[in-house]
Amino acid sequence: MPAPIPKVAPTKPIPSSMYNPPAEIDRIQEAKRENRIKVQEMLATAQVQQPQCANAKKSVKAKSILQQIIEEKESKLKYEKRKASVVKAKLSEEVPVKLNTATILREGELFLKQEEENLKKLEDLESGARDPTDWLRWRSKMHEQDLENELLEKERRRLQGMLSHEEAILARKMLAIENKQRVAEMKLEAEKLMQLYWEEKLQEQTNMRTRVEEIAFSQQHVKESRQKLALYKQKIVQEVIEEKREMMKQALEEADEEMRCKVKLIREIRAMEAMPVSRNKLVDLSETSATGLLSEMSLIELRERLALLRMVEKDREEKKREEIKDYKLEKKKAPARDIGDYS
């Protein structure tokens, strides 16, 4: 009789959202579109409106400060300034002047004063003084040169501002190009990510189907697997019990052996304690005190050195006695030798 065909448990239907693209992609595309429109509007506004930093016109405050700087420079050049004599306007018609004594005296004093000033100027020129005309001409020339340099500086700043404006425009264009390139790269990356997402989804579906088939096939052998698992567990429990018995037996044997060793050691210690011990300390006369001194020596070496010192001292005493004896004999012979010399 053929085996019955197993029935597979009904699977859940695949949701309809599985084949629809996620809503996040539409939101991302809408946000990109809005950002692109905003960027284009900002670019058009920047191209139409000139930035304030590129405006070469001077404000009223800047002009007043510049005029003040020029006046300060001119005031510094006005040191030791001589007042020019006022030239009286000549009348076309001669007006008769009534001369009295006071007028004559005033005219004469004025004439003398002018003569003295002219003489003083001539004396100054003779003594080496310079004419201030050259200095005044040099001052006016330097003033014109300063004004010309200032105008050149203003022109340089204006051209620099225009150049900065052009560089800013080029930088904005380059930024727009870079943004376009980045958007294109982001689009390619998003497409790659979406492709990977769908591939992973398909792989996941395939794996889920395979698992469902495996689970349906394994349900047939669940009972056999449970029986095998119970037998395996019983076998493991029996092996653990046997192993535990062996370990307990081995532990008892080791404890017994250790106790026998301890008893034997105690007996030996007690036997050693019962033996008589000599209390006399043996002294080795050839050993040193081991104190680390350079002059330390053993008793035998000390005795030998003392014996040598006694022998040396004895020889020195014998020599001393001989010297004293010779001295006395020499002293006795000296008078007889003196008498022979006198005779």
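Some points to look at:
- The residues of region 281-304 that are open to solvent by 100 Å² or more (accessible area, probe 1.4 Å) and modelled with pLDDT of 80 or more, listed by number, are Arg303, Glu304.
Residue-by-condition table, conditions (1) closer than 28 Å to Ala9 by Cα; (2) open to solvent by less than 100 Å² (accessible area, probe 1.4 Å); (3) not in a helix (DSSP H, G or I):
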residue	(1), (2), (3)
Met174	no, no, no
Glu178	no, yes, no
Leu196	no, yes, no
Thr206	yes, yes, no
Arg209	yes, no, no
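- Residue among Lys7, Lys90, Lys58 that alone is of a type in the set (Lys, Arg), modelled with pLDDT of 70 or more and assigned to a loop (DSSP other than H, G, I, E, B): Lys7
- Annotation note: Cβ proximity below 7 Å between a residue of region 61-86 that is of a type in the set (S, T, N, Q) and a residue that is modelled with pLDDT under 75 and assigned to a helix (DSSP H, G or I) (sequence gap 6+ or interchain) occurs for no pair.
- Lone qualifier among Ala307, Ala230, Ala271, Ala216 - being open to solvent by less than 80 Å² (accessible area, probe 1.4 Å) and at pLDDT 85 or above: Ala307
- Residue under evaluation Leu43, criteria (1) at pLDDT 70 or above; (2) open to solvent by 90 Å² or more (accessible area, probe 1.4 Å), criterion not met: (2)
The values are calculated or read from the model by the stated rules, or taken from the named source; none is laboratory data. Bear in mind the structure is a predicted one, so any value in this text is a computation, not a measurement. Positions of Cβ are backbone-derived with ideal geometry, glycine not excepted, and every protein chain shown enters the neighbour counts. Protein only, heavy atoms only, side chains kept; ligands, DNA and RNA dropped before computing areas. Shrake-Rupley method; radii C 1.70, N 1.55, O 1.52, S 1.80 Å.
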